[in-house]
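Down below is the structure, laid out as structure tokens.
The values are calculated or read from the model by the stated rules, or taken from the named source; none is laboratory data. Values in this document were obtained by computation on a predicted structure and should not be read as measured data. Positions of Cβ are generated from backbone atoms using ideal geometry, with glycine treated the same way; all protein chains shown enter the neighbour counts. Surface accessibility is based on the protein's heavy atoms, side chains included, excluding ligands, DNA and RNA. Shrake-Rupley method; radii C 1.70, N 1.55, O 1.52, S 1.80 Å.
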Amino acid sequence: MGIMAMLIEDESIDRTRCIKMAIVHDLAEALVGDITPFDGVSKTEKYAREKQGMRDIVDTLGNSTVAQEIEALWIEYEEDQTNESHLVHDLDKCEMIQQAMEYEISDKKQLDSFFNTTKGIFRHPQVQSWVDEIYRRRQARD
């Protein structure tokens, strides 16, 4: 996702911030695991677990300036209120459907749910163009 953020051509976006956010956005999952909607964990509980994981990371890093920046970037991503966090969310979902398409090819199965849950949610026009290309390639396979 960091490389994808580097490819964004949009002067209204702080690309460096997006690259950093893309790097840290899943850090808490390294401690608590990748909790999916199928795990039966509420969004509130998922956020609480991940927030505690992030606090543990910050504490491990000695609450340094860098640790605080990592936490702030993670919170910004989670709150999804800035243009940068919107973009990184788009990149996350775009990467997810790209990966799903690769699994469809390698495992010879349909993963429609990944595509159905992301249809119409992309906000950034450049990411939308990448998504359109993924859909085009997926359809060309069928």
Quantify, in whole percent, the carbon and sulfur part of the accessible surface of segment 65-142 (1.4 Å probe; protein heavy atoms only). 50 percent
Taking +1 at the Cβ of each Lys and Arg and -1 at the Cβ of each Asp and Glu, which of GLN81, GLN110, PRO125 sits farthest along the dipole of segment 72-140 towards its positive end, judged by Cα position relative to the Cα centre? GLN110
Within the chain, longest stretch free of exposed trypsin sites (Lys or Arg not before Pro) [DSSP loop, at most 16 other beta carbons within 10 Å]: 1-107
Within a Gaussian network of the chain (alpha carbon springs, distance under 10 Å), most fluctuating of ASN63, ASN83, ASN116: ASN116
For the chain, what number of Lys pairs, 8 or more residues apart or on separate chains, have alpha-carbon atoms under 25 Å from each other? 15
Among GLN52, VAL66, TYR135 - extreme Cα towards positive end, dipole of the chain, charges at beta-carbon: TYR135
Suppose all protein chains stay in the model; what accessible area per residue would a 1.4 Å probe give for the chain, in Å²? 61 Å²
Express in whole angstrom the spacing between the alpha-carbon centres of segment 9-46 and segment 74-142. 14 Å
Cα-centre dipole for segment 50-142 with unit charges at Cβ (Lys and Arg positive, Asp and Glu negative), debye to 20: 580 debye
Counting every Cα pair in segment 13-61, what percent are over 11 Å apart? 70 percent
Using Cα springs under 10 Å in a Gaussian network model of the chain, which residue among GLU45, GLU69, GLU84 shows the largest mean-square fluctuation? GLU45
For segment 13-142, what relative contact order do you get, as a whole percent, if you take Cα pairs closer than 8 Å and at least 6 residues apart? 23 percent
Taking θ = phi - 60°, what integer Hz values does the Karplus form 6.51 cos²θ - 1.76 cosθ + 1.60 yield along segment 105-118, in sequence order, with x for Gly and Pro? 6, 6, 9, 6, 9, 8, 10, 4, 4, 5, 6, 5, 6, 10
